[in-house]
Amino acid sequence: MRVVVVGGGIAAVFTAHYLTLMGVEAVVIGDRPKYPLTTLVLTQSMPHVDDVLLAKESLEVYRQFTNPRAITSIDIMPRWVSLDSLKLAGVRYRIIEDAEWVRLNSDEFIVETTDYLIPVRRVVNYLRGRLRVIDARARLKVVNGSLVVIANGVRYTGDVVVLAAGPGNSDLASQVGLKLPLRRYQCYASLMTGPGRIMKLSIGDDVLGWYSRPFIPGLFIAGDGCGKPGEWAPLDYGWRIARLVSRRFGWAIPILTRSGTCEVSPSGGPVYGEVKDGLYVLGGLDGYGSMVGPALARRLAELVVTGKAPIDDYRVEKYLEFNSNWDPCTVERHNWLTVVKQ
Ligand SMILES: Cc1cc2nc3c(=O)[nH]c(=O)nc-3n(C[C@H](O)[C@H](O)[C@H](O)COP(=O)(O)OP(=O)(O)OC[C@H]3O[C@@H](n4cnc5c(N)ncnc54)[C@H](O)[C@@H]3O)c2cc1C
(Lines give C-alpha, C1' and ligand atoms only; values in the text may rest on other atoms or scores of the structure.)
Protein backbone atom coordinates (compact mmCIF):
# COMPACT_ATOMS: atom_id res chain seq x y z
CA MET A 1 0.00 0.00 0.00
CA ARG A 2 1.18 3.53 -0.77
CA VAL A 3 -0.19 6.57 1.07
CA VAL A 4 0.30 10.26 0.29
CA VAL A 5 -0.03 12.42 3.41
CA VAL A 6 -0.56 16.15 2.83
CA GLY A 7 0.60 18.46 5.63
CA GLY A 8 3.78 19.09 7.55
CA GLY A 9 2.93 19.33 11.27
CA ILE A 10 1.96 17.04 14.14
CA ALA A 11 -0.99 15.44 12.33
CA ALA A 12 0.91 14.66 9.13
CA VAL A 13 4.22 13.43 10.53
CA PHE A 14 2.70 11.21 13.20
CA THR A 15 0.27 9.70 10.68
CA ALA A 16 3.15 8.94 8.31
CA HIS A 17 5.24 7.66 11.24
CA TYR A 18 2.61 5.09 12.24
CA LEU A 19 1.88 4.11 8.65
CA THR A 20 5.60 3.45 8.15
CA LEU A 21 5.74 1.37 11.35
CA MET A 22 2.85 -0.68 9.93
CA GLY A 23 4.85 -1.40 6.79
CA VAL A 24 3.10 1.08 4.52
CA GLU A 25 5.00 3.24 2.01
CA ALA A 26 4.15 6.79 3.07
CA VAL A 27 5.22 10.08 1.52
CA VAL A 28 4.59 13.39 3.29
CA ILE A 29 4.02 16.49 1.18
CA GLY A 30 4.01 19.62 3.26
CA ASP A 31 6.00 22.65 4.21
CA ARG A 32 7.58 23.06 7.60
CA PRO A 33 5.02 24.21 10.21
CA LYS A 34 5.48 27.67 11.64
CA TYR A 35 4.87 26.92 15.29
CA PRO A 36 4.51 30.15 17.21
CA LEU A 37 6.13 28.67 20.28
CA THR A 38 9.01 26.40 21.03
CA THR A 39 6.90 24.29 23.37
CA LEU A 40 3.20 23.42 23.42
CA VAL A 41 1.31 22.44 26.52
CA LEU A 42 -0.03 18.92 26.91
CA THR A 43 -2.70 18.91 29.58
CA GLN A 44 -4.66 15.99 30.96
CA SER A 45 -7.04 18.35 32.71
CA MET A 46 -9.95 18.14 30.28
CA PRO A 47 -13.67 17.55 30.80
CA HIS A 48 -14.10 14.58 28.43
CA VAL A 49 -12.58 11.29 29.52
CA ASP A 50 -11.85 10.24 25.92
CA ASP A 51 -9.74 13.37 25.44
CA VAL A 52 -7.85 12.70 28.66
CA LEU A 53 -7.08 9.13 27.60
CA LEU A 54 -5.79 10.35 24.23
CA ALA A 55 -3.60 12.91 26.01
CA LYS A 56 -2.17 10.18 28.26
CA GLU A 57 -1.44 8.05 25.20
CA SER A 58 0.15 10.99 23.34
CA LEU A 59 2.38 11.72 26.33
CA GLU A 60 3.74 8.19 26.18
CA VAL A 61 4.37 8.64 22.45
CA TYR A 62 6.33 11.88 23.03
CA ARG A 63 8.42 10.12 25.69
CA GLN A 64 9.86 7.95 22.91
CA PHE A 65 11.36 11.09 21.32
CA THR A 66 11.89 13.66 24.04
CA ASN A 67 11.76 14.35 27.75
CA PRO A 68 8.56 16.36 28.36
CA ARG A 69 8.96 18.90 31.17
CA ALA A 70 6.39 18.48 33.95
CA ILE A 71 4.82 21.69 35.20
CA THR A 72 2.09 22.44 37.75
CA SER A 73 -1.25 23.06 36.09
CA ILE A 74 -4.10 24.96 37.69
CA ASP A 75 -7.61 25.27 36.33
CA ILE A 76 -9.92 27.84 37.86
CA MET A 77 -13.54 26.78 37.54
CA PRO A 78 -16.97 27.07 39.14
CA ARG A 79 -17.91 24.53 41.81
CA TRP A 80 -20.68 23.03 39.69
CA VAL A 81 -18.21 21.54 37.19
CA SER A 82 -17.92 17.74 37.22
CA LEU A 83 -14.44 16.21 37.63
CA ASP A 84 -15.55 12.73 36.55
CA SER A 85 -13.21 12.68 33.54
CA LEU A 86 -10.16 12.95 35.82
CA LYS A 87 -11.47 10.26 38.16
CA LEU A 88 -12.34 7.88 35.30
CA ALA A 89 -9.01 8.37 33.54
CA GLY A 90 -7.02 7.99 36.76
CA VAL A 91 -5.46 11.46 36.62
CA ARG A 92 -4.02 12.63 39.93
CA TYR A 93 -5.49 15.94 41.03
CA ARG A 94 -5.75 18.17 44.07
CA ILE A 95 -8.50 20.64 44.88
CA ILE A 96 -7.51 24.05 46.20
CA GLU A 97 -10.41 25.92 47.81
CA ASP A 98 -8.49 28.98 48.87
CA ALA A 99 -5.00 30.39 48.22
CA GLU A 100 -3.43 33.71 49.15
CA TRP A 101 -1.66 34.03 45.78
CA VAL A 102 -4.79 34.00 43.59
CA ARG A 103 -8.13 35.79 43.92
CA LEU A 104 -11.01 33.33 43.85
CA ASN A 105 -14.72 33.98 44.31
CA SER A 106 -16.55 31.87 46.90
CA ASP A 107 -18.25 29.79 44.17
CA GLU A 108 -14.92 28.93 42.47
CA PHE A 109 -12.15 26.44 43.14
CA ILE A 110 -8.86 25.32 41.62
CA VAL A 111 -8.03 21.89 40.28
CA GLU A 112 -4.29 21.25 40.35
CA THR A 113 -2.84 18.63 38.02
CA THR A 114 0.40 18.17 36.07
CA ASP A 115 0.86 19.50 32.53
CA TYR A 116 3.81 18.82 30.24
CA LEU A 117 5.73 21.21 28.00
CA ILE A 118 6.41 19.43 24.71
CA PRO A 119 9.10 20.68 22.30
CA VAL A 120 6.78 19.90 19.40
CA ARG A 121 8.84 21.70 16.77
CA ARG A 122 11.86 19.56 17.64
CA VAL A 123 9.87 16.31 17.59
CA VAL A 124 8.18 17.19 14.28
CA ASN A 125 11.50 18.10 12.69
CA TYR A 126 13.10 14.90 13.97
CA LEU A 127 10.32 12.80 12.42
CA ARG A 128 10.44 14.82 9.20
CA GLY A 129 14.11 13.88 8.99
CA ARG A 130 13.30 10.17 9.23
CA LEU A 131 10.34 10.10 6.83
CA ARG A 132 10.13 10.67 3.11
CA VAL A 133 9.11 14.34 3.02
CA ILE A 134 8.61 16.64 0.04
CA ASP A 135 8.95 20.16 1.42
CA ALA A 136 6.33 21.82 -0.77
CA ARG A 137 2.82 23.20 -1.04
CA ALA A 138 0.38 20.66 -2.48
CA ARG A 139 -2.90 20.86 -4.34
CA LEU A 140 -5.43 18.18 -5.19
CA LYS A 141 -6.88 17.29 -8.55
CA VAL A 142 -9.01 14.50 -9.98
CA VAL A 143 -7.36 13.07 -13.11
CA ASN A 144 -9.17 10.30 -15.03
CA GLY A 145 -11.30 9.59 -11.97
CA SER A 146 -8.30 9.25 -9.62
CA LEU A 147 -7.19 11.60 -6.88
CA VAL A 148 -3.79 13.15 -7.58
CA VAL A 149 -1.64 15.31 -5.30
CA ILE A 150 0.45 17.88 -7.16
CA ALA A 151 3.52 19.54 -5.66
CA ASN A 152 6.37 21.36 -7.42
CA GLY A 153 4.76 20.34 -10.73
CA VAL A 154 5.08 16.63 -9.89
CA ARG A 155 2.04 14.32 -9.62
CA TYR A 156 1.87 11.94 -6.64
CA THR A 157 -0.67 9.15 -6.47
CA GLY A 158 -1.41 6.59 -3.80
CA ASP A 159 -3.97 4.00 -2.81
CA VAL A 160 -4.93 6.49 -0.13
CA VAL A 161 -4.54 10.26 0.33
CA VAL A 162 -4.60 11.67 3.87
CA LEU A 163 -5.31 15.36 4.47
CA ALA A 164 -3.47 16.42 7.63
CA ALA A 165 -2.69 20.03 6.74
CA GLY A 166 -4.28 21.84 9.70
CA PRO A 167 -6.11 24.98 8.59
CA GLY A 168 -5.24 24.04 4.97
CA ASN A 169 -7.50 20.95 4.98
CA SER A 170 -10.72 22.65 3.87
CA ASP A 171 -9.08 24.46 0.94
CA LEU A 172 -7.47 21.23 -0.24
CA ALA A 173 -10.80 19.34 -0.09
CA SER A 174 -12.61 22.12 -1.92
CA GLN A 175 -10.14 21.76 -4.82
CA VAL A 176 -11.84 18.42 -5.57
CA GLY A 177 -15.36 19.63 -4.79
CA LEU A 178 -15.59 18.29 -1.22
CA LYS A 179 -16.73 20.12 1.88
CA LEU A 180 -15.19 19.09 5.21
CA PRO A 181 -16.91 19.62 8.57
CA LEU A 182 -14.05 21.89 9.62
CA ARG A 183 -13.90 25.66 10.05
CA ARG A 184 -10.99 28.00 10.52
CA TYR A 185 -10.74 30.82 13.01
CA GLN A 186 -8.06 33.15 14.21
CA CYS A 187 -6.57 32.49 17.64
CA TYR A 188 -4.43 34.99 19.53
CA ALA A 189 -1.85 35.01 22.30
CA SER A 190 0.21 37.72 23.99
CA LEU A 191 3.65 37.69 25.51
CA MET A 192 3.45 39.27 28.97
CA THR A 193 5.26 39.94 32.15
CA GLY A 194 3.65 39.66 35.59
CA PRO A 195 4.09 38.22 39.07
CA GLY A 196 6.73 35.48 39.32
CA ARG A 197 4.25 32.79 40.31
CA ILE A 198 2.54 32.87 36.89
CA MET A 199 5.83 31.93 35.17
CA LYS A 200 5.89 28.65 37.08
CA LEU A 201 2.34 27.56 36.19
CA SER A 202 0.22 26.42 33.31
CA ILE A 203 -3.08 28.19 34.00
CA GLY A 204 -6.56 27.73 32.58
CA ASP A 205 -9.14 30.20 33.86
CA ASP A 206 -12.37 28.88 32.43
CA VAL A 207 -14.45 31.41 34.37
CA LEU A 208 -12.85 34.62 33.05
CA GLY A 209 -11.69 33.01 29.79
CA TRP A 210 -7.88 33.06 29.48
CA TYR A 211 -5.00 30.60 29.72
CA SER A 212 -1.27 31.01 30.23
CA ARG A 213 1.97 29.09 30.22
CA PRO A 214 5.59 30.02 31.00
CA PHE A 215 7.83 31.18 28.17
CA ILE A 216 11.35 32.26 29.13
CA PRO A 217 12.41 33.59 32.56
CA GLY A 218 10.37 36.71 33.36
CA LEU A 219 7.82 36.20 30.58
CA PHE A 220 4.69 34.16 30.04
CA ILE A 221 2.23 33.68 27.22
CA ALA A 222 -1.46 34.32 27.80
CA GLY A 223 -4.41 34.29 25.49
CA ASP A 224 -7.80 33.09 24.38
CA GLY A 225 -10.37 34.53 22.04
CA CYS A 226 -11.46 33.88 18.52
CA GLY A 227 -11.64 35.97 15.36
CA LYS A 228 -12.22 35.75 11.61
CA PRO A 229 -9.51 33.75 9.77
CA GLY A 230 -6.63 35.96 8.70
CA GLU A 231 -7.71 38.93 10.86
CA TRP A 232 -5.27 40.76 13.13
CA ALA A 233 -5.92 40.69 16.85
CA PRO A 234 -8.00 43.64 18.10
CA LEU A 235 -5.69 46.55 19.01
CA ASP A 236 -6.53 46.30 22.72
CA TYR A 237 -6.26 42.48 22.79
CA GLY A 238 -3.11 42.29 24.94
CA TRP A 239 -4.47 44.70 27.53
CA ARG A 240 -7.84 42.95 27.56
CA ILE A 241 -6.19 39.63 28.49
CA ALA A 242 -3.79 41.40 30.90
CA ARG A 243 -6.81 42.85 32.76
CA LEU A 244 -8.25 39.33 33.19
CA VAL A 245 -4.89 38.03 34.45
CA SER A 246 -4.70 41.02 36.85
CA ARG A 247 -8.10 40.20 38.32
CA ARG A 248 -6.61 36.90 39.53
CA PHE A 249 -2.95 37.70 40.11
CA GLY A 250 -2.76 41.47 40.72
CA TRP A 251 -0.96 42.70 37.63
CA ALA A 252 0.22 41.82 34.11
CA ILE A 253 1.69 43.88 31.26
CA PRO A 254 1.38 42.78 27.62
CA ILE A 255 4.45 43.13 25.42
CA LEU A 256 3.59 41.62 22.06
CA THR A 257 0.53 39.96 20.50
CA ARG A 258 0.64 37.27 17.83
CA SER A 259 -2.10 35.39 16.02
CA GLY A 260 -2.38 32.04 14.28
CA THR A 261 -5.04 30.20 12.32
CA CYS A 262 -6.73 27.32 14.11
CA GLU A 263 -9.25 24.80 12.84
CA VAL A 264 -12.16 23.11 14.61
CA SER A 265 -14.98 20.63 13.88
CA PRO A 266 -18.66 20.93 14.91
CA SER A 267 -17.91 18.94 18.09
CA GLY A 268 -15.38 21.60 19.11
CA GLY A 269 -12.67 18.95 18.93
CA PRO A 270 -10.62 16.99 16.42
CA VAL A 271 -11.86 14.55 13.76
CA TYR A 272 -10.31 11.72 11.78
CA GLY A 273 -11.64 9.17 9.29
CA GLU A 274 -12.61 8.59 5.69
CA VAL A 275 -14.24 11.46 3.79
CA LYS A 276 -14.68 9.68 0.48
CA ASP A 277 -13.28 6.52 -1.11
CA GLY A 278 -9.56 6.62 -0.46
CA LEU A 279 -9.53 10.17 0.94
CA TYR A 280 -8.97 10.46 4.70
CA VAL A 281 -8.56 13.42 7.04
CA LEU A 282 -7.09 14.18 10.45
CA GLY A 283 -7.98 17.73 11.38
CA GLY A 284 -9.69 20.14 13.73
CA LEU A 285 -6.87 19.78 16.22
CA ASP A 286 -7.70 23.29 17.42
CA GLY A 287 -5.90 24.06 20.71
CA TYR A 288 -5.44 20.32 21.15
CA GLY A 289 -2.68 19.44 18.70
CA SER A 290 -0.03 18.31 21.11
CA MET A 291 -2.51 16.62 23.42
CA VAL A 292 -4.39 14.32 21.09
CA GLY A 293 -2.51 14.58 17.77
CA PRO A 294 -0.12 11.58 18.08
CA ALA A 295 -2.78 9.25 19.54
CA LEU A 296 -5.33 10.14 16.86
CA ALA A 297 -2.68 9.75 14.15
CA ARG A 298 -2.15 6.19 15.37
CA ARG A 299 -5.92 5.50 15.15
CA LEU A 300 -6.06 6.94 11.65
CA ALA A 301 -3.11 4.82 10.51
CA GLU A 302 -4.85 1.71 11.89
CA LEU A 303 -8.04 2.62 10.10
CA VAL A 304 -6.21 3.13 6.78
CA VAL A 305 -4.31 -0.15 7.08
CA THR A 306 -6.95 -2.46 8.56
CA GLY A 307 -10.15 -0.71 7.43
CA LYS A 308 -11.38 -1.19 10.98
CA ALA A 309 -11.64 1.25 13.85
CA PRO A 310 -14.34 1.99 16.39
CA ILE A 311 -16.82 4.70 15.43
CA ASP A 312 -15.78 6.92 18.28
CA ASP A 313 -16.65 10.56 18.96
CA TYR A 314 -13.84 11.74 16.71
CA ARG A 315 -14.88 9.97 13.53
CA VAL A 316 -15.37 12.47 10.72
CA GLU A 317 -18.10 10.27 9.20
CA LYS A 318 -20.39 11.43 12.03
CA TYR A 319 -20.17 15.03 10.92
CA LEU A 320 -20.08 14.82 7.12
CA GLU A 321 -23.80 15.59 6.87
CA PHE A 322 -23.60 18.23 9.56
CA ASN A 323 -24.31 21.34 7.53
CA SER A 324 -26.13 23.67 9.89
CA ASN A 325 -24.62 27.05 10.41
CA TRP A 326 -22.28 26.39 13.32
CA ASP A 327 -19.94 29.02 14.67
CA PRO A 328 -16.29 27.95 15.26
CA CYS A 329 -16.06 30.59 18.00
CA THR A 330 -18.71 29.09 20.27
CA VAL A 331 -17.81 25.42 20.52
CA GLU A 332 -14.78 24.35 22.54
CA ARG A 333 -14.72 20.76 23.67
CA HIS A 334 -11.84 21.17 26.09
CA ASN A 335 -13.58 23.92 28.08
CA TRP A 336 -14.47 22.72 31.58
CA LEU A 337 -17.72 24.70 31.61
CA THR A 338 -19.19 22.08 29.25
CA VAL A 339 -19.62 19.47 32.02
CA VAL A 340 -22.06 19.88 34.90
CA LYS A 341 -22.02 17.94 38.18
CA GLN A 342 -25.01 15.56 38.32
C1 LIG B 1 -0.85 30.75 19.64
C2 LIG B 1 -1.14 29.27 19.65
C3 LIG B 1 -0.88 28.53 20.81
C4 LIG B 1 -1.15 27.14 20.82
N5 LIG B 1 -0.86 26.43 21.97
C6 LIG B 1 -1.10 25.09 22.00
C7 LIG B 1 -0.76 24.32 23.14
O8 LIG B 1 -0.20 24.82 24.11
N9 LIG B 1 -1.05 22.99 23.15
C10 LIG B 1 -1.63 22.38 22.07
O11 LIG B 1 -1.87 21.17 22.11
N12 LIG B 1 -1.96 23.09 20.96
C13 LIG B 1 -1.71 24.42 20.91
N14 LIG B 1 -2.01 25.15 19.79
C15 LIG B 1 -2.64 24.44 18.68
C16 LIG B 1 -1.62 23.63 17.91
O17 LIG B 1 -0.63 24.50 17.39
C18 LIG B 1 -2.40 22.91 16.80
O19 LIG B 1 -3.39 22.09 17.37
C20 LIG B 1 -1.48 22.03 15.98
O21 LIG B 1 -0.42 22.80 15.44
C22 LIG B 1 -2.27 21.38 14.87
O23 LIG B 1 -1.41 20.49 14.18
P24 LIG B 1 -1.66 20.13 12.68
O25 LIG B 1 -0.57 19.23 12.24
O26 LIG B 1 -3.08 19.65 12.53
O27 LIG B 1 -1.62 21.50 11.88
P28 LIG B 1 -0.45 22.58 11.74
O29 LIG B 1 0.47 22.56 12.88
O30 LIG B 1 -1.14 23.87 11.39
O31 LIG B 1 0.36 22.06 10.50
C32 LIG B 1 -0.20 22.09 9.22
C33 LIG B 1 0.91 21.89 8.24
O34 LIG B 1 0.38 21.66 6.95
C35 LIG B 1 1.02 22.54 6.02
N36 LIG B 1 0.09 22.83 4.93
C37 LIG B 1 -1.06 23.55 4.94
N38 LIG B 1 -1.61 23.58 3.71
C39 LIG B 1 -0.80 22.83 2.92
C40 LIG B 1 -0.81 22.48 1.56
N41 LIG B 1 -1.76 22.90 0.72
N42 LIG B 1 0.19 21.71 1.08
C43 LIG B 1 1.19 21.28 1.89
N44 LIG B 1 1.26 21.58 3.21
C45 LIG B 1 0.28 22.35 3.70
C46 LIG B 1 1.37 23.78 6.84
O47 LIG B 1 2.41 24.54 6.23
C48 LIG B 1 1.84 23.11 8.12
O49 LIG B 1 3.16 22.65 7.99
C50 LIG B 1 -1.71 26.52 19.71
C51 LIG B 1 -1.98 27.26 18.55
C52 LIG B 1 -1.68 28.62 18.51
C53 LIG B 1 -1.93 29.38 17.24
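Annotation: average projected area of the range 12-139 is 10.4 square nanometres, based on the convex hull of Cα atoms across all directions.
Tally up the carbon and sulfur contribution to the accessible surface of the range 62-152 as a whole percent, 1.4 Å probe, everything protein left in place. Intermediate values should be presented prior to the final figure.
Numbers: 2120 of 5050 Å².
C and S fraction of accessible area: 42 percent.
Counting only Cα atoms, the size of the chain along its three principal axes is 67, 42, 41 Å, in decreasing order. Rounded to the nearest Hz, the phi-derived 3J(HN,Hα) couplings of the range 233-241 under the Karplus curve 6.51 cos²θ - 1.76 cosθ + 1.60 (θ = phi - 60°) are 5, x, 4, 8, 3, x, 5, 4, 5, where x marks glycine and proline.
What the range 19-121 shows is 48 Å² of accessible area per residue, with the surface traced by a 1.4 Å probe over protein heavy atoms.
The GluC sites (Glu not before Pro) of the range 255-323 that meet both conditions, a loop assignment by DSSP and at most 10 other Cβ atoms within 10 Å of the site Cβ, are Glu321.
Would you kindly state the longest site-free stretch of the chain, with sites defined as trypsin sites (Lys or Arg not before Pro) in a DSSP loop (not H, G, I, E, B) surrounded by at most 15 other Cβ atoms within 10 Å?
On the way: sites that count: Lys34, Arg79, Arg92, Arg103, Arg137, Lys179, Lys200, Lys308, Lys341.
Longest site-free region, per DSSP loop and neighbour criteria: 201-307.
Between the range 1-35 and the range 74-151, the C-alpha centres lie 20 angstrom from each other.
Per residue, the convex hull around the alpha carbon atoms of the range 72-123 comes to 108 Å³. Couplings 3J(HN,Hα) for the range 121-133, derived from phi with the Karplus relation 6.51 cos²θ - 1.76 cosθ + 1.60 (θ = phi - 60°), are 4, 5, 5, 4, 5, 4, 5, 4, x, 9, 9, 8, 10 Hz, where x marks Gly and Pro.
For the range 206-275, the carbon plus sulfur part of the accessible surface works out to 60%, probe radius 1.4 Å. Straight-line cross-link reach from Lys56 at under 27 Å between alpha-carbon atoms covers these lysines, not counting any fewer than eight positions away in the same chain: Lys34, Lys87, Lys200, Lys308, Lys318, Lys341. Of the chymotrypsin sites (Phe, Trp or Tyr not before Pro) found in the range 176-237, those that fall in a DSSP loop while having at most 15 other beta-carbon atoms within 10 Å are Trp232.
Distances between every pair of Cα atoms in the range 108-246, grouped in 5 Å steps from 0 to the bin holding the largest one, split as 2, 7, 13, 14, 13, 13, 12, 10, 8, 5, 2, 1, 0 percent.
The values are calculated or read from the model by the stated rules, or taken from the named source; none is laboratory data. Remember, predicted model here, so these are calculated numbers, not experimental data. Methodologically, a virtual Cβ is constructed for each residue, glycine included, from the backbone with ideal geometry; neighbour enumeration extends over all protein chains shown. Calculation scope for accessible area: heavy atoms of the full protein, side chains included, ligands and nucleic acids excluded. Shrake-Rupley method; radii C 1.70, N 1.55, O 1.52, S 1.80 Å.
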